[in-house]
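Read through the structure below, which is laid out as structure tokens, and then see the notes.
The values are calculated or read from the model by the stated rules, or taken from the named source; none is laboratory data. Only a predicted model underlies this, so the values are computations on that prediction, with no experimental measurement involved. All Cβ positions, even for glycine, are placed from backbone atoms using ideal geometry, and neighbour counts span all protein chains on display.
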Protein chains: 2
Amino acid sequence: MTKIPHRLYLTEDQMPKQWFNLRAVMKEQPDPMLHPATLQPMTERDLYPIFCEELARQELDETHAYIDIPEEIQEIYKMYRPSPLIRAYALEKALGTPAKIYYKFEGNNTSGSHKLNSAVAQAYYAKQQGLSGVTTETGAGQWGTALSEACSYFDLTCDVFMVKCSYEQKPFRKAVMRVFDGSITPSPSTTTEVGRKILAEHPDTTGSLGCAISEAVEAAVKSNGSKRYVLGSVLNQVLLHQSIIGLESKIAMEQLNEYPDIVIGCAGGGSNLGGLIAPFMADKITGKSNPRIIAVEPASCPSLTRGKYAYDFCDTGKVTPMARMYTLGCGFIPSANHAGGLRYHGMSPILSKLYHDGYMEAVSYEQTKVFDAAVLFAKRETILPAPESAHAIRCAIDEALKCKESGEAKTILFGLTGTGYFDMVAYENYLNGNMNDYIPTDADLQVGFNSLPDIPQNKNI
Amino acid sequence: MTKIPHRLYLTEDQMPKQWFNLRAVMKEQPDPMLHPATLQPMTERDLYPIFCEELARQELDETHAYIDIPEEIQEIYKMYRPSPLIRAYALEKALGTPAKIYYKFEGNNTSGSHKLNSAVAQAYYAKQQGLSGVTTETGAGQWGTALSEACSYFDLTCDVFMVKCSYEQKPFRKAVMRVFDGSITPSPSTTTEVGRKILAEHPDTTGSLGCAISEAVEAAVKSNGSKRYVLGSVLNQVLLHQSIIGLESKIAMEQLNEYPDIVIGCAGGGSNLGGLIAPFMADKITGKSNPRIIAVEPASCPSLTRGKYAYDFCDTGKVTPMARMYTLGCGFIPSANHAGGLRYHGMSPILSKLYHDGYMEAVSYEQTKVFDAAVLFAKRETILPAPESAHAIRCAIDEALKCKESGEAKTILFGLTGTGYFDMVAYENYLNGNMNDYIPTDADLQVGFNSLPDIPQNKNI
């Protein structure tokens, strides 16, 4: 038998030419998005003021399993993809595990994460529609960077509302976005009505993703039709674009004659997890195979493991449609000491439904344990992971250690979503012993749950 | 004809198993390193107190063209190599040039540059010799990061003397080294005799590479034999290890049925340039082909274009052997406003000899022109380049624009040595219009030349 290589790159010819739409094989669909005023399901037309038309179509498409990737997007994918499927030989050796650990590494592009896969698609459709630009929010900055890159490529403007505390803590993220002509506003700001309202109520707030989404949506809606809002996670369309991760992984594993027993991904809004697991989850739903699929989230922002499956707003300002998802409440703001990203209050409706229906497991970890894993991984595999990605590493290590105990040589696949170059303040705190863990009490969580919309659909949660 | 792919990765089987030693095909050898006390050529044994024995052997080897890469090093190379050979379709289109532009991208590893290729080798030989660790200097931090990574992998200690101004300006570089257990001391420091001496003479100095080298050498020599000094550039052994860049490039181009008309690399101490050009320069020396080979350096540190070809110390404290090279004088310190790396006062003796003998051209650029090229490249090719690498980009763009004028479809290959994530202060200054150019006057350079050693060998320069 030929030895399995450390890194497997598909050739350009082997790269997927279609995205995969998991909804088309789901036995039951996620509950529909609701119009916040009428509480009726959003139609494609309802979405046009917010999203590009093609993206609105993709958002609601429950029937087409495969959707062609436009050639121009394929060309850009070829500029930074395929991403490698890597066999973690050195990590396996360090752990002394019989498990085979693979990871799909999405960090080898300048945005530093998988976010570029959807940014390119969304910028492309905005250009096709003749728009002048897009608006968005960013927290840690990965999405804002990816979108700035994509918009720069298509000569679109890119207005990024960046969560204020990140804006102040991560000046270099801001600088990278500026290289790509991104225009960055700390959020909440006085440039939007909703921003001014939030500032009037909470003058000292350091912002949240939910606030920044509200501002970005308002900026798009008030652009006289010249701009649309784009989002880097949560949405069905984003999971569709990110399916490239899972599709490439599956093709690469097939070339190695491998199939994962366990698929692991970190979960904030669900973009990486939904993309990575897509084809494997399809196999599971259709009975072709039965891999364990594990979502990993921070103990300080535990939407799947401790949230409610309820209708909620996607933003803090309550200007977006409502989605049924696992949520901590749109008013939930993670503890300021939380350093590891994945801070969103909700979770992709697709993943929420699959989790609710028992197709997926979820675990949560405290951040010091996550950074333990990150540093071990960096030293053995020579890649400095993003803290977000390190959640998946932590879980993969723990599963590999269980294999060591049981003697089982399971095949583990996890998603390494990105690199940690812009997270060095968090790493320094960890190395200096200044990182604390925080697990919200039930009472803490109740504050967030109190912000859930009081609508009939939520009566029995 | 099949379209040339955007990115070509060799398979593991196609990766080189030997380094290439350019000296073995040179018609005339570089002048030998001299012992600073006796002015006699250094013997292998003379080098043992400073370098590992195998590395001392490699340093002096003028006869073996191919040197086996030990299997353990090959295994580590496979963890982050092969690096892609990329066709710059988008840049070509933006320039409207008939030229075909290729670049070899060495930045996709956590150290962020090609430096890891030699760091891995030097750490390996230190481990083989049973040492407890190594000492080194770092300026911008690429080499210190790479060496920390490599030492962490082999469980060696890594003492890094970091030029004080970089230490203060780049806290995140320091943090990355700490993840890999690197121990970092700002230089000049009070931990060495030479450091204390320099501080007594220049209490306000912000340090230089030359000072940091002096301190690192002293720390190794005074370790009771438990440590050795390692260097990331200039040395023959480093160029040997970096030949992996050129060898992979040549194999990949052969697969595409291509051969470069022009090979371009940035040049500080010469590690990347020497590695990239090695097999192409061999073809040129032996008459198999005749590519133009261009070294690109900053106008503010112009060792090839305005330096003297003379014997000089490799460090400011004058504790190292002397090498004959193009040099600005070991007392030369580049202007503080210079942001683009490549700040070393000298140049690899191998490259110096080849340049002196007419095998190579050299050009210099002011830094604003370099950052113009960096930003254009980032926007079109979606990779944020290190400022060092952007020197090569600038030259490649200018050569491609010449092709546009002449209508010639030349094939250009350049080395993209690394990424710019840790250089965002410089990018911000550029974007804010706060970056100035500086070209030293002849009188400025004379100050450096005055520091050249007053020895018989230098009488006629």
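Each row is one residue, and each column tells you yes or no for (1) among the small types (Gly, Ala, Ser); (2) touching a Cys at 6+ places or on another chain (Cβ under 9 Å); (3) more than 30 Å from A:ASN109 (Cα to Cα); (4) touching a residue at least 40 places away in the same chain (Cβ under 8 Å).
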| site | (1), (2), (3), (4) |
| --- | --- |
| A:HIS356 | no, no, yes, yes |
| A:ALA390 | yes, yes, no, yes |
| A:GLN446 | no, no, yes, no |
| A:ASP454 | no, no, yes, no |
*So which residues in the range A:286-316 are more than 15 Å from the chain's Cα centre (by Cα) and of a type in the set (D, E, K, R)?*
A:LYS288, A:ARG292, A:ARG306, A:LYS308, A:ASP312, A:ASP315
_Enumerated helices (runs of 4 or more DSSP H) restricted to the range A:175-285, each holding at least 2 residues that are at pLDDT below 95 and not aromatic (Phe, Trp, Tyr)_ = A:193-201, A:209-221
*In the range A:108-140, what residues are hydrophobic (A, V, I, L, M, F, W, C) and either crowded, with 24+ Cβ neighbours inside 10 Å or not in a loop (DSSP other than H, G, I, E, B) (or both)?*
A:LEU116, A:ALA119, A:VAL120, A:ALA121, A:ALA123, A:ALA126, A:VAL134, A:ALA140
*Within the range B:251-309, considering residues that are in contact (Cβ under 8 Å) with a residue 24 or more places away in the chain and basic (Lys, Arg), the one farthest from B:GLY340 (Cα to Cα)*: B:LYS284
*Please enumerate the residues belonging to the range B:73-107 that are in contact with a Phe, Trp or Tyr (Cβ under 8 Å, 6 or more places away or on another chain), within 13 Å of chain A (Cβ to nearest Cβ) and either farther than 30 Å from B:TYR421 by Cα or not in a helix (DSSP H, G or I) (or both).*
B:PRO82, B:SER83, B:PRO84, B:LEU85, B:ILE86, B:ARG87, B:ALA88, B:TYR103
*Would you call B:ARG173 buried (at least 24 other Cβ atoms within 10 Å of the Cβ), among the charged types (D, E, K, R) and closer than 22 Å to A:ARG380 by Cβ?*
yes
*Among B:VAL194, B:VAL263, which is the only one that is away from chain A (no Cβ under 14 Å), of a type in the set (A, V, I, L, M) and in contact with a Leu (Cβ under 8 Å, 6 or more places away or on another chain)?*
B:VAL263
*Can B:GLU388 be described as among the acidic types (Asp, Glu) and in contact with a Leu (Cβ under 9 Å, 6 or more places away or on another chain)?*
yes
*Can you name the residue in the range B:440-456 that is closer than 20 Å to B:LEU304 by Cβ and either of a type in the set (D, E, K, R) or not assigned by TED's automatic domain parsing to the domain that holds B:MET322 (or both) and, of all such residues, is surrounded by the most Cβ atoms within 10 Å (Cβ to Cβ)?*
B:ASP444
*Does A:THR185 fit the bill of being polar (S, T, N, Q), away from chain B (no Cβ under 14 Å) and under 24 Å from A:PRO334 (Cβ atoms)?*
yes
*State all residues of the range B:191-241 that are over 18 Å from B:LYS164 (Cα atoms), polar (S, T, N, Q) and touching a residue at least 40 places away in the same chain (Cβ under 8 Å); if no residue qualifies, say none.*
B:SER223, B:SER226, B:SER233, B:ASN236, B:GLN237
*Counting only residues that are of a type in the set (D, E, K, R) and either under 21 Å from the mean Cα position of the chain (by Cα) or in a helix (DSSP H, G or I) (or both), which one in the range B:6-24 is farthest from the other protein chains (Cβ to nearest Cβ)?*
B:ARG23
*Got a sec? Which of B:GLU54, B:GLU149 is within 14 Å of another protein chain (Cβ to nearest Cβ), among the charged types (D, E, K, R) and farther than 30 Å from B:ALA400 by Cα?*
B:GLU149
*Qualifying position, being under 22 Å from the mean Cα position of the chain (by Cα), crowded, with 19+ Cβ neighbours inside 10 Å, of a type outside the set (Lys, Arg) and within 12 Å of chain A (Cβ to nearest Cβ), among B:ILE397, B:ILE383, B:ILE412*: B:ILE383
*Report, ordered by the first and then the second residue, all pairs with beta carbons closer than 6 Å, sequence separation of six or more or different chains, a first member in the range B:415-439 that is more than 8 Å from chain A (Cβ to nearest Cβ) and within 20 Å of B:GLY265 (Cβ to Cβ), and a second member that is among the aromatic types (Phe, Trp, Tyr) and outside any loop (DSSP other than H, G, I, E, B).*
B:LEU416/B:TYR103; B:LEU416/B:PHE105
_Number of the condition not met by B:LYS164 [criteria: (1) modelled with pLDDT under 95; (2) within 14 Å of another protein chain (Cβ to nearest Cβ); (3) in contact with a strand residue (DSSP E or B) (Cβ under 9 Å, 6 or more places away or on another chain)]_ = (2)
*Long-range neighbours under 7 Å by Cβ, at least six apart or interchain, first residue more than 19 Å from B:HIS35 (Cβ to Cβ) within the range B:45-73, second part of a strand (DSSP E or B) and polar (S, T, N, Q)*: B:TYR66/B:GLN18; B:ILE67/B:GLN18; B:ASP68/B:GLN18; B:ILE69/B:GLN18
*Could you tell me whether A:ILE101 is within 30 Å of B:PHE105 (Cα to Cα) and either among the acidic types (Asp, Glu) or in the same structural domain as A:LYS288 (by TED's automatic domain parsing) (or both)?*
yes
*Any residue in the range A:329-337 that is in contact with a strand residue (DSSP E or B) (Cβ under 7 Å, 6 or more places away or on another chain), in a loop (DSSP other than H, G, I, E, B) and of a type in the set (Val, Ile, Thr)?*
no
*Taking only the range B:141-153 into account, find how many residues are buried (at least 24 other Cβ atoms within 10 Å of the Cβ) and more than 12 Å from the chain's Cα centre (by Cα).*
9
*asked:* Of everything in the range A:141-155, what is in contact with a helix residue (DSSP H, G or I) (Cβ under 6 Å, 6 or more places away or on another chain) and either within 30 Å of A:GLY340 (Cβ to Cβ) or not aromatic (Phe, Trp, Tyr) (or both)? Give them in sequence order.
replied: A:GLY141, A:GLY144, A:THR145, A:ALA146, A:LEU147, A:SER148, A:ALA150, A:CYS151, A:SER152
*Considering each residue of the range B:25-43, count those that are surrounded by 15 or more Cβ atoms within 10 Å (Cβ to Cβ) and not in a loop (DSSP other than H, G, I, E, B), and give that number.*
2
*Verdict on B:PHE161 being buried (at least 24 other Cβ atoms within 10 Å of the Cβ) and either part of a helix (DSSP H, G or I) or not assigned by TED's automatic domain parsing to the domain that holds B:LYS250 (or both)*: yes
*With respect to the numbered conditions (1) within 14 Å of chain B (Cβ to nearest Cβ); (2) surrounded by 15 or more Cβ atoms within 10 Å (Cβ to Cβ); (3) of a type in the set (Lys, Arg), which one is the sole condition not fulfilled by A:LYS3?*
(2)
